[in-house]
Each structure stands twice: as structure tokens, then as C-alpha cells.
Amino acid sequence: AEAIELFKEEPALQLFRELPLAEDEPVTMSYSQFEAYQQCPLKYYWRYKLRIPQLPRHQFVVGQALHSAAQAFNNSKRQGVPLTYIELVRVFERAWKSEGFIHRAHEDQRFEAGKVALEKFIDYEKKSPIKPLLVEEPFKIRVDNVLLSGRWDRVDQVEGEGVVWSWGVVAADR
């Protein structure tokens with residue numbers, strides 16, 4: 001009997017599963033919400049329905065700061081006056097938050113790695129004559145009864161075709 005109680009469904013999750021959904025109206029979710037639900041419906045419930053705050057994570061701090069820099073660069077390139085590396089680092093610094101790091105040296109390492117990533121990003125962009133068509137453009141796509149919403153980080157037009165960019169940050173040992 002004790003083993004059965006151990007694996008009994010959480011009451012909050014049971015309530016969540018019983019929520020009435022209109023059959024003719026799609027459920028609207030962001031990619032992050034969808035991913036959380038796929039990983040664990042209870043995680044989705046706690047995070048998005050109960051809005052229980054999460055502890056800061058350094059990966060998000062780095063990712064958001066890099067994303068802010070990429071967005072500023074793409075907007076400036078779209079307007080025909082791309083930011084310099086120094087200007088890009090200033091945007092990165094302004095977006096940086098000292099949260100979620102193990103210790104100060106860890107934060108310094110991640111900050112320096114972010115600057116290296118920006119240097120590679122701007123070197124790549126200098127070689128490309130393509131100006132972004134759209135930057136941070138919202139979208140909604142319906143898949144069955146789910147309306148996925150989000151933002152395209154950048155959309156280019158290359159030889160008459162749309163090219164969608166999505167910035168992601170991956171830790172590397174190199």
C-alpha cells in the first residue's frame with residue numbers, strides 16, 4: 001500500500017488535467033511552455049499555471065545577454081549601420097546580470113566566453129552582405145488544437161526564400 005501511495009498522482013496535476021478546454025479553441029503555448037509540458041506536465045503546471053518562481057540559472061543570464069547583443073546588432077545591420085564589436089560588448093554588458101553563477105570566477109569565465117562568442121558572431125556577420133528582413137518578429141502557428149506562439153530571432157531573404165535564424169547558446173569546452 002505504501003508503494004501505491006508513493007506513485008499516486010499529485011492532486012494539483014489531477015486538477016490540471018481536469019480543466020475544461022473548449023474543443024473549438026486552441027490551447028496557446030510558447031515553445032518553452034510546450035517543452036516544459038512535454039518534459040513533465042507537473043513542471044508546466046507549477047511554472048506556468050501557479051507561477052512558482054525559478055532560481056536564476058547562469059545559462060539563461062549568458063543566453064539573454066548574448067541574445068540582446070545579437071538583437072541590437074541585427075537591428076543596426078537592418079538599418080544599414082552595423083554596430084562595432086565595442087558597441088556590441090556594451091549591449092552585452094548592459095544586459096548582463098550577476099545571478100546564478102557558482103562564484104565570481106565562474107561568472108568572469110562565462111562573461112569572457114560571451115565576449116569571444118560576440119567576436120565570432122561579428123566576424124561572421126562582416127562577411128555576409130545580407131541585411132535582416134525581420135528581427136524579433138512574433139509568430140503564431142496552429143498545430144492541431146495547439147497554437148504555438150513565439151518570436152523569430154531573425155528572418156533573412158536569400159534568393160527569394162525566407163531563412164529563419166534562432167539564436168541558441170551551447171556550452172563548449174574549447
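The values are calculated or read from the model by the stated rules, or taken from the named source; none is laboratory data. Because the structure is a prediction, the values reported are computed rather than measured. When we count neighbours, we look across all protein chains shown, and the Cβ atoms used for this are built from the backbone with ideal geometry, even at glycine. Heads up: the accessible areas ignore ligands, DNA and RNA and are worked out on the full protein's heavy atoms, side chains in. Shrake-Rupley method; radii C 1.70, N 1.55, O 1.52, S 1.80 Å.
Three semi-axes describe the equivalent ellipsoid of segment 99-174; taken as square roots of 5 times the Cα gyration tensor eigenvalues and ordered largest first, they are 30, 21, 9 Å.
Taking Cβ atoms as reference points and 13 Å as the exclusive limit, the residues near Glu35 contribute a net charge of +2, counting Lys and Arg as +1 and Asp and Glu as -1.
Each 5 Å bin, from zero up to the one with the longest distance, holds this percent of the alpha carbon pairs of segment 38-174: 2, 8, 15, 18, 18, 15, 12, 8, 4, 0. Legend: calculated FRET efficiency, Glu161 to Asn75, from the Cβ-Cβ distance at R0 = 30 Å, rounded to 0.05, equals 0.85.
Applying the Karplus relation 6.51 cos²θ - 1.76 cosθ + 1.60 with θ = phi - 60° to segment 91-101 yields 3J(HN,Hα) values of 4, 4, 4, 5, 7, 5, 10, 8, 9, x, 8 Hz, where x marks Gly and Pro. Accessible surface area normalised per residue over segment 23-140 is 67 Å², counting heavy atoms of protein chains with a 1.4 Å rolling probe. Label positions at Leu42 and Asn145, each projected 7 Å from the Cα along the C-beta direction, are separated by 2.5 nm.
Listed cross-link partners Lys49/Lys77; Lys77/Lys115; Lys77/Lys140 are compared with a 28 Å cut-off, the Cα-Cα value being larger for Lys49/Lys77.
The listed residues Tyr31, Tyr37, Tyr45, once ranked by accessible area (1.4 Å probe) with the largest placed first, stand as Tyr31, Tyr37, Tyr45.
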